[in-house]
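Input: a single structure, listed below in structure tokens.
The values are calculated or read from the model by the stated rules, or taken from the named source; none is laboratory data. None of these values were measured; they are calculated from a predicted model. Counting neighbours? That spans all protein chains shown, and the Cβs are built from the backbone with ideal geometry, glycine included. Quick note on the areas: whole protein, heavy atoms, side chains included, nothing else; ligands and nucleic acids left out. Shrake-Rupley method; radii C 1.70, N 1.55, O 1.52, S 1.80 Å.
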Amino acid sequence: MVGEGTRTSCTEQALDSALTQAEASGGGRIEFNCGQPGSDEVIISIQSQKRIIKPGNYVIGAACDTAKVSLDGGGRTRLFVLGLDHNKGVRADGFSLTLQNLTLQNGFGESFESTKSRTVRDGGCIYVGTLGVLNLESVRVIGCRVGSGAVGGAIAHNTHQTGGAITNGGVVQIWNSYFARNTAGKAGGVLWCGKCQAMFDHTVFFANKQTETLGYDGIGGVAAFFVSPSVTIKKCEFLENESQGDGGALDFRRSLGVRIEDSLFKKNKALGNKVESFPTGGSKHNKGFCWCGGGAIHMRLQTEASMARCTFVENVGKQGGALRLVHTTVMAEDCTFARNEAHDWGTQYGATEGWDVGGNGGAVLHDGTEKGVTWRKCRFENNTAAYRGGGVNAFVFGGESLTVDSSHFCGNRVFPSSLAGGGLNVGGDGALAVKDSIFGGNVVPNSNKEYAQSAGWCSSAETCESSGRTVINTKIPGIAGEVSPGQTCSFKCPVGPESGLRCDAGSQAADAGYCGASPTPKPKPKPHPSPAPSPTSKACIAYCSKTNFKQTKTKSCGKVKNKNECLAGYMQAARFNKGKVTPCA
């Protein structure tokens, strides 16, 4: 126990004493007792990192019926290290740390030496050694960071053993939590996961960033997964996160068993910056430009993933406004992509050739589909690509395949380029099958070819079918007498109050990060629309939809710029309690 029911009894020294006792017992539970529920939050200043060096199961937290507790690193120190020194670095075999109902804030990845002069600068709040297990439940992690060249702004797991000797580097599991404004210099604004198995459930990630390293090495505004054997993400929200290279929210490299469902990705950004000190290389043109992107997600190098009922809105990337998929297998069902943009950022650095410039794949860029990619019952609406493929741009290598089944491509565009494929563009020698789908309102304003407005693989206005290209029960505007660009179908995520519930913050993880938040419902056997929001979420959406934020200024919240900031910030600040709206005064 830490504390005797009063604020003054909850100190760093009391936490140190409790940890010493737990280690002596080979693990145990440490609970904070710092005051009555509803009293002011107790902030405990942490002056030195708490390193657990004896194996065991450790649980540290506060009960829901006591005062809230924050552990604050003051921007100077890391909060926890799990594991002991090993000849390969920090090792946590047999270690498990569970944190519950706490706030971790302002941690910094100060350096410490491990075995064989291995300096650890990763993990701003938590560093977990190889084979360790970390569980976070109803935890808020805010403002943790690591410096230039370091990874895991909030959490770093297994940075030392990522070679062939280790196939599963450990476990990270996060439930009902909230991460905001965490930053990493090189990779993973929140998490760097080296060969670790990961699970995120009912969690919000807001305004986290990968900040310094540019180009191909600057990855994962929220998380970077390296050769992870399994990653599962359910009912999470990724809002306004950013990377300098690939993966505005998530980056996956050589990771199998990736499953993402019932999650929202909104206003994330992958800048794809050129490295000024890297004058050559980077692309086949040898001019130093990275072909980076994936405003929401970047997957590469034999990653295998499936997605269901996910929504991608207003994400921006140099290549692939929402997704950049490089030699990756994907099976997606009932996913919506709306108002994403592939931006030609290369022009500001003097790029003049193709992919150096950027702007391929307004919603999705495919560069190799490996074992095959299928989009089933998906919607690509009102996305924009500066160069090619307003909705999707794909290059399918020989022996690979791309299938579009029962999907919509509506209102997408390519601009300012005149290249074909306002809706879908496909190149390469691989197979394409489009069936039972709808195209309408896709445009390439600077092209006068009617048959090029929707589809970018058709050689003439007569047909889009050829060797390896089949179109079944699908009318393509501008082909075989069909009117071009055709009528735009209704949008699932239009601008305004008619937008579907899945399209707004608060729809998937209301009240994440607080004791007693509703658990995630168990998934149904078949795909289905996301359930209606909770009363709390409904109240938040109603308030944030009708408020004129240009005129809104609050005492405790400062200026509120727009609806999304309201939804992402106010609701997570617990200002919408049990459906009764109580905004900042």
task = Output the qualifying pairs, or none if there are none: Cβ atoms under 7 angstrom, residues six or more apart or on different chains, first residue in region 1-22 and more than 24 Å from Gly38 (Cβ to Cβ) and in a helix (DSSP H, G or I), second residue charged (D, E, K, R) and at pLDDT 95 or above.
result = Leu19/Lys50
key: Enumeration of residues in region 208-245 that are aliphatic (A, V, I, L, M), touching a residue at least 40 places away in the same chain (Cβ under 8 Å) and either under 17 Å from Phe179 (Cα atoms) or in contact with a strand residue (DSSP E or B) (Cβ under 6 Å, 6 or more places away or on another chain) (or both)   = Ile219, Val222, Ala224, Leu239
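Looking at Val326, Val330, Val275, Val313, which one is over 30 Å from Glu498 (Cβ atoms), at pLDDT 90 or above and of a type in the set (A, V, I, L, M)?
Details: Val330 fails: over 30 Å from Glu498 (Cβ atoms); Val275 fails: at pLDDT 90 or above; Val313 fails: over 30 Å from Glu498 (Cβ atoms).
Checking each option against the conditions leaves just Val326.
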task = Determine whether region 333-346 contains at least one residue that is touching a helix residue (DSSP H, G or I) at 6+ places or on another chain (Cβ under 9 Å), of a type outside the set (Phe, Trp, Tyr), part of a helix (DSSP H, G or I) and open to solvent by 10 Å² or more (accessible area, probe 1.4 Å).
result = no
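Looking for whichever is in contact with a Phe, Trp or Tyr (Cβ under 9 Å, 6 or more places away or on another chain), open to solvent by 30 Å² or more (accessible area, probe 1.4 Å) and at pLDDT below 95 here; the options are Thr162, Thr115, Thr167. Which one fits?
Details: Thr115 fails: in contact with a Phe, Trp or Tyr (Cβ under 9 Å, 6 or more places away or on another chain); Thr167 fails: in contact with a Phe, Trp or Tyr (Cβ under 9 Å, 6 or more places away or on another chain).
Criteria check complete, one pass: Thr162.
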task = Hey, can you tell me all the residues within region 23-43 that are among the charged types (D, E, K, R), free of Cβ contacts under 8 Å to residues at least 40 places away in the same chain and either open to solvent by 70 Å² or more (accessible area, probe 1.4 Å) or in contact with a strand residue (DSSP E or B) (Cβ under 6 Å, 6 or more places away or on another chain) (or both)?
result = Arg29, Asp40
message = Suppose we filter Asp85, Asp65 for residues that are charged (D, E, K, R), surrounded by fewer than 23 Cβ atoms within 10 Å (Cβ to Cβ), in contact with a Ser or Thr (Cβ under 9 Å, 6 or more places away or on another chain) and more than 24 Å from Thr183 (Cα to Cα); which single one remains?
response = Asp85
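Suppose we filter Asn182, Asn176, Asn106 for residues that are open to solvent by less than 10 Å² (accessible area, probe 1.4 Å), of a type in the set (S, T, N, Q) and either touching a Lys or Arg at 6+ places or on another chain (Cβ under 9 Å) or modelled with pLDDT of 95 or more (or both); which single one remains?
Numbers: Asn176 fails: open to solvent by less than 10 Å² (accessible area, probe 1.4 Å); Asn106 fails: open to solvent by less than 10 Å² (accessible area, probe 1.4 Å).
Result of the check over Asn182, Asn176, Asn106: Asn182.
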query = Would you call Thr463 touching a residue at least 12 places away in the same chain (Cβ under 8 Å) and assigned to a loop (DSSP other than H, G, I, E, B)?
reply = yes
